[in-house]
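Student: Supplied in structure tokens, the structure appears directly below.
The values are calculated or read from the model by the stated rules, or taken from the named source; none is laboratory data. As the structure is a prediction and not an experimental result, all values here were calculated from the model. Note that each Cβ is placed from the backbone with ideal geometry, even for glycine, and that neighbours are counted across all protein chains shown. Surface accessibility is based on the protein's heavy atoms, side chains included, excluding ligands, DNA and RNA. Shrake-Rupley method; radii C 1.70, N 1.55, O 1.52, S 1.80 Å.
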Amino acid sequence: MSRIFLKSAAVAFASVAVSLLLTLIVVPAMGFSISRTVWLTSTVCPLMLAWIASAGTFWQSDRLKNAHRELARAHAQLAAAHRRLSEKASRDDMTGMLNRETFFAALDGSRRKADRGALLIIDADHFKTINDNYGHLTGDDALLLIAAAIERGVRSGDVLGRIGGEEFAAFLVGATEPEARRVAERIRREVELIRFRPVDERTVPLTVSIGGITCGEGATVSELMRAADRRLYEAKHRGRNLSILDRDISEAA
């Protein structure tokens, strides 16, 4: 408020100065003498009018600036809230990985940018037995350990998602066949090394089976999923705790 007072005072006194200057020039030029009334009118009127008008203008300007700042702050808060909600909606609540829909959207986007890469489908072995014997809360603990092991096994920049209850997927961006095989085996080994001990129980082994496919040129997401699924089924059929990866769609057929 004091700032508005000082600014409006400066405008008022500047107006008085201009008014007096004009009075000294115009009144004598018209052949009149400058009386006390003329001096008073030239001083008081601009002083009061300019002070009141400028104070109102500055006050309104400050209100508008404050309102603009509040709107900008509210907009930033809404944008941040929207980002948080979008992030939450795209993630699996338990593991923090991308959910099924978001993973496939990310996979499709990556396929549009570059053909090279590999898709892995990772499924926890004998997981129903863990749920049946120890309960679903213990099963959730096991899933979190498996998810962490998968994250340790992949490379920086690879895309991870939880696409089913105990089923995960990884898109290895730009990976060649040898790289994809190494990553798949590293994931399998990381899970196998977990020492999972439910409360007051013996160590329960955790393993995963992995089916994978390197991306052939022009292959669709659906084709890749079907090919990787076939290799996952083969890994399960051959005894589990195994990773099987094919070079392209034609070999997976």
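Student: Please list Arg182, Arg202 from largest to smallest accessible area, probe radius 1.4 Å, with all protein chains kept in place.
Tutor: From most accessible down to least: Arg202, Arg182.
Student: Tell me, in nm to one decimal, what length is gained between Leu71 and His136 on full extension, where the rule is 0.36 nm per residue of separation less the Cα-Cα distance?
Tutor: Using 0.36 nm per residue and subtracting the Cα-Cα distance, I get 18.7 nm.
Student: Leaving out ligands, DNA and RNA but keeping every protein chain, what accessible area does Met225 have, in Å² rounded to the nearest 10, with a 1.4 Å probe?
Tutor: Roughly 20 Å² of Met225 is accessible to a 1.4 Å probe.
Student: Moving on. Does region 127-253 come out rounded, prolate or oblate by the C-alpha gyration tensor, with a ≥ b ≥ c the root eigenvalues, rounded set by a/c under 1.5 and, if not, prolate when a/b is larger than b/c and oblate if not?
Tutor: prolate
Student: Compute, for Phe171, the solvent-accessible surface of its heavy atoms (probe 1.4 Å) with the complete set of protein chains present, and express it in square angstrom to the nearest 10.
Tutor: Estimated to the nearest 10 Å², Phe171 gives 0 Å².
Student: Report Val154's accessible area, 1.4 Å probe, all protein chains in place, as a number in Å² to the nearest 10.
Tutor: That residue has around 20 Å² of solvent-accessible surface.
Student: Could you give the distance between the Cα centres of region 185-226 and region 118-174, to the whole Å?
Tutor: Centre-to-centre (Cα) distance: 6 Å.
Student: Starting from the Cα-Cα distance between Glu101 and Arg189, subtract it from 0.36 nm times their residue separation and give me the gain in nm to one decimal.
Tutor: Stretched fully, the Glu101-Arg189 segment lengthens by 28.9 nm.
Student: For an R0 of 45 angstrom, estimate the FRET efficiency from the Cβ-Cβ distance between Asp200 and Thr220 and round to the nearest 0.05.
Tutor: Here the calculated transfer efficiency is 0.35.
Student: Keeping all protein chains in place and using 1.4 angstrom, which order do Lys65, Lys113, Lys236 fall into by accessible surface area, from largest down?
Tutor: Lys113, Lys65, Lys236
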